[in-house]
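Data block below; observations after.
The values are calculated or read from the model by the stated rules, or taken from the named source; none is laboratory data. Here the structure is a predicted model, which is why all the values come from computation and not from measurement. Don't worry about glycine lacking a Cβ; one is built from the backbone with ideal geometry, like all the others, and counts go over all protein chains shown. We work out accessible area using only protein heavy atoms, side chains counted, and drop any ligands, DNA or RNA first. Shrake-Rupley method; radii C 1.70, N 1.55, O 1.52, S 1.80 Å.
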Amino acid sequence: MSPQELKSALSSGLLSFPLTDFDAQLQFNPRGYTERLEWLMPYGATVLFAAGGTGEFFSLEPTEYAQVIKTAADACRGRVPIVGGAGGGTTLAIRYAQEAERNGAQGVLLLPHYLTEASQEGLLAHVEAVCKSVKIGVIVYNRGACKLNADSLAKLAERCPNLIGFKDGLGDIERIVSIRQKLGDRFVYVGGMPTHEVYAHAYQALGVPVYSSAVFNFVPRTAIEFYNAYASGDTATTGRLLDEFFLPYLEIRNRGEGYAVSIVKAGATIVGKTAGPVRPPISDLKPAEVEQLAALIHKLGPQ
């Protein structure tokens, strides 16, 4: 798949990032991961991000990362494009990106670098180096310490033909508007706020029409129902689902640091599709919180 073909695939439909399966000893479980992908694919996500944030990329070392990408690429080959997460310092991010390409991913989602703040010049050099290390398409994720502005992205667009997408997880409206106005259709724009369904309509008005869904991992029917209603302008359905599910879900999610991942793994276990526990330093939900989440999920009916 060429970068432009990936850009087209990312331009419509619901996107998601599958959980990474771990066993009781917190080792990667390829069989469980394959079964997860086989379960999710028929629901109709247009692109899946393997080893992304909800896939606990930050906890994967390069060798097992390669296993995760290869497993996803093999399971989804010919059916759903796979984009592999990559991040950390420039040298390490290049290694992850090249492993993603080598193991069959159709693109790379460039996650934020590690810890330290960076100038626009430094961010530009970082993204350019990763883009030039691979031939597949790259989507840059503005989140955390990575805060590219419109001018930097314009320079990257000129220098890196395979930089095809911009994903936002900052929620900085002024920045998004300036980027969208300056870059136009050069990029595909993806919403990447945690539980983005709550932000979907606002981002749509900013010219960011697609988004990635975490809850697709455990309530895929509901995630697709929300997306279809959102895409068709059915505000009665999106409003109902926000009230009945997403806002109460956020109330649980917001109780703990790292719960944006933990709650998704808990949800998968509740619906009989466990991916195992999360890896430290994040921690699993408390038993009472799991019970509350289970009650919320059961109200939605069969998935």
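Filter segment 260-303 down to residues that are on the phi > 0 side of the Ramachandran plot and free of Cβ contacts under 8 Å to residues at least 40 places away in the same chain and give me whichever is most open to solvent (accessible area, probe 1.4 Å). Looking at the filtered set, the residue picked out is G272. Screening P62 against (1) open to solvent by 10 Å² or more (accessible area, probe 1.4 Å); (2) in contact with a helix residue (DSSP H, G or I) (Cβ under 9 Å, 6 or more places away or on another chain); (3) under 29 Å from A129 (Cβ atoms); (4) at pLDDT 95 or above leaves a single unmet condition, (4).
Number of residues in segment 140-161 that are part of a loop (DSSP other than H, G, I, E, B), open to solvent by 20 Å² or more (accessible area, probe 1.4 Å) and either among the basic types (K, R) or more than 19 Å from L206 (Cβ to Cβ) (or both): the value is 4. Inside segment 244-303, residues that are in contact with a Pro (Cβ under 7 Å, 6 or more places away or on another chain) and either farther than 26 Å from A51 by Cα or modelled with pLDDT under 95 (or both) make up a count of 2.
Checking the condition more than 15 Å from L19 (Cα to Cα) and touching a Ser or Thr at 6+ places or on another chain (Cβ under 6 Å), which residue from A200, A229 passes? A229 is the lone residue from the list that is more than 15 Å from L19 (Cα to Cα) and touching a Ser or Thr at 6+ places or on another chain (Cβ under 6 Å). The set of residues from segment 1-21 being among the hydrophobic types (A, V, I, L, M, F, W, C), open to solvent by less than 10 Å² (accessible area, probe 1.4 Å) and not in a helix (DSSP H, G or I) comprises L14, L15, L19.
Contact map, segment 221-245: residues that are farther than 20 Å from V271 by Cβ paired with residues that are open to solvent by 80 Å² or more (accessible area, probe 1.4 Å) and β-branched (V, I, T), Cβ distance under 8 Å, separation 6+ or inter-chain. Pairs shown: A229/T235. Which residues, taken from segment 240-257, are open to solvent by less than 30 Å² (accessible area, probe 1.4 Å) and either aromatic (F, W, Y) or more than 19 Å from Q204 (Cα to Cα) (or both)? Once the filter is applied, which keeps residues that are open to solvent by less than 30 Å² (accessible area, probe 1.4 Å) and either aromatic (F, W, Y) or more than 19 Å from Q204 (Cα to Cα) (or both), segment 240-257 yields F245, F246, Y249, L250, I252, G256. Residue pairs whose Cβ atoms lie under 7 Å apart, sitting 6 or more positions apart in sequence or on different chains, and linking a residue in segment 30-45 that is over 22 Å from T222 (Cβ atoms) to a partner that is open to solvent by 50 Å² or more (accessible area, probe 1.4 Å) and at pLDDT 95 or above, are P30/Q67. Being within 16 Å of the chain's Cα centre (by Cα), within 22 Å of E38 (Cα to Cα) and surrounded by 14 or more Cβ atoms within 10 Å (Cβ to Cβ), is that true of even one residue in segment 225-239? Yes, that holds for at least one residue.
Conditions (1) under 20 Å from E128 (Cα atoms); (2) modelled with pLDDT under 95; (3) more than 20 Å from the chain's Cα centre (by Cα), marked per residue:
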site	(1), (2), (3)
N162	yes, no, no
G165	yes, no, no
L170	no, no, no
E174	no, no, yes
V177	no, no, yes
F187	yes, no, no
G192	no, no, no
V198	no, no, no
Y203	no, no, no
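Looking only at segment 207-216, how many residues end up being in contact with a strand residue (DSSP E or B) (Cβ under 7 Å, 6 or more places away or on another chain) and crowded, with 23+ Cβ neighbours inside 10 Å? Number satisfying all stated conditions: 6. Only one entry of Q204, Q181 meets the criterion of being under 30 Å from I252 (Cα atoms) and open to solvent by 20 Å² or more (accessible area, probe 1.4 Å), and that entry is Q204.
Of the residues in segment 91-101, none is under 27 Å from I263 (Cβ atoms) and open to solvent by 50 Å² or more (accessible area, probe 1.4 Å).
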